[in-house]
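Since every read-out is calculated from the coordinates, none of them should be taken as a lab result. Quick caveat, the model's predicted, so the values are computed rather than measured. When we count neighbours, we look across all protein chains shown, and the Cβ atoms used for this are built from the backbone with ideal geometry, even at glycine.
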Amino acid sequence: MINLWLDMIHRFMIGGERALLDRVANQLKGCDLNFTTPSGEPETEMSRRLTAGFGNLSEAIRQAVALSVQIAEEVPHITSENGELATQSQAQLDALTAIFTATQRLLEGLQGARDELREVIDLSKEANRCAQAGSDAARELATAMIEVESRSARAHEIVEVIDTVAFQTNILSINARIEAAHAGELGQGFAVIAQEIRQLAVRTAAAARDVRVIIGETSSAVSSGARSAAETQQVLTGLGELMTRAGLAMESMAERVTGQGQELVSIDHSLNQVLTLGRNNLENAGRIAERSEALKQATDTLRDCVGLFRLPEDPLHEIRHAIAFDLATTSAKAVSAVLADALHSGAISAENLFSSDYQPITGTRPQKYHTAFDHLCDKLLPPIQEPAAASHPWIVFAICANHDGYVPTHNRRFAQPLTGDPARDLVGNRTKRIFDDRVGRSVGAHTDPYRLQVYRRDTGEIMFDLSVPIFVGDQHWGGFRIGYALA
């Protein structure tokens, strides 16, 4: 830039244009960028270049001023939102800490419950073993009592035999006494023996009766004991089965508690990670707050710096800007009309006209796209765009872009057949592209009365872009943009 100014000064001095040089120097000294060729003086190549240079610089600074104002307006909101974010982050961190603590307590409780369940399971197994042993003992007791009952029945049969023998012996003793009486004195000794035998039979019968009573009572007791032993065995067997089922249930519960404990451990790890992220977010929020404040100070400095320059009050006072604005406004109205007619006639639906579905065209770089409306635009837009582009030699292009910066139909000079040479095609074929640079993104998205921007095109030229919005009915479709240079 310095070399350029030195070259310009050298040429001024060589050409004797000292007055113009003095004026340029004074304006630069005073940071006055509102440069125009003095009235009454002939316009020269040098004055046109100076006018273009001052115009480019003034609009670039105007954009910087607008951007700094926009940033300055957004910084308080960012700072406020970041403060809220910090507060929310702190609240989330506190809540997560409380949840983490509760999870730790729950995990400890589950571990304690798991240990207690293990103890209960061990006790249940021991009780089951005891119940099984008791059941076996009761079964053996029942078997023994059945055997006793069987032998008691056998003893009862023997007693019955003894009782029968005693009865028959008693009958025999009675008969012997009768025969002894018939024998007289000779039978007295035999009578004494018969009397003794009778007394023995009576005592035997009495003893047999006593034994029968004892055996009956014993048999009844044994039967009752056998029934009790059998019932005890059934109870102990049922108790063992219940203890087995209880043990299995507690085993299952222990496994579930273990599984829940493992899940809680996983949750615990996740919460720990979230806590770390929460702390990091809180720290980041603090750093963002510091940077927001630094950004605000930098923005204030930028505004102070660019505020040194005096800019033209109305860019449209520049004749080329005014011509571009009128041409873009007229062309945008014409495009609105033909697109509205296409909608009304049914040539295209509103869904297709406002579609954001971009189908890549294979083998193109930069990437090109087909849409539901680009073929219609190929028919309707050239009759409007081509006259606008050819209306002045300093106009580089006059095209339409939708709200995404997509250009369905470029001017014919920039819609030449693809050659396969990236450098040539970048210049010669610029149609059906989405222009996502700073200017390209904004020309179809804004709804300002107009937007004037200066930028470096991807082909290298520094040029102006003036765009106005295009509405179809009441709906914003995109913008009409004109690209040109001041010299």
Exercise for the section: Kindly check whether there is at least one residue in the range 428-439 that is crowded, with 18+ Cβ neighbours inside 10 Å and under 25 Å from H317 (Cα atoms). Expected result: yes
Practice task
Please work out which residue is nearest to R433 (Cα to Cα), limiting yourself to the range 338-360 and to residues that are among the aliphatic types (A, V, I, L, M) and surrounded by 13 or more Cβ atoms within 10 Å (Cβ to Cβ).
Solution key: L353
Problem - Candidates P393, P449, filtered to the one that is out of contact with any Ser or Thr (no Cβ under 9 Å at 6 or more places or on another chain), closer than 22 Å to A322 by Cβ and in a loop (DSSP other than H, G, I, E, B) - result: P393
Fill in the blank from the handout: When T459 is run through (1) surrounded by fewer than 16 Cβ atoms within 10 Å (Cβ to Cβ); (2) of a type in the set (S, T, Y); (3) not in a loop (DSSP other than H, G, I, E, B), the failure sits at (3)
Practice task
Would you point out the residue of the range 359-391, among those that are of a type in the set (V, I, T) and touching a residue at least 24 places away in the same chain (Cβ under 8 Å), that is farthest from H403 (Cα to Cα)?
Solution key: T364
Practice task
Scan (1) closer than 25 Å to Y450 by Cα; (2) part of a helix (DSSP H, G or I); (3) touching a residue at least 24 places away in the same chain (Cβ under 8 Å) for the single condition L343 breaks and write down its number.
Solution key: (1)
Exercise for the section: List every residue pair whose Cβ atoms sit under 6 Å apart, with the two residues 6 or more apart in sequence or on different chains, where the first one lies in the range 392-419 and is within 14 Å of H375 (Cα to Cα) and the second, anywhere, is basic (K, R) and part of a loop (DSSP other than H, G, I, E, B). Expected result: H410/R430
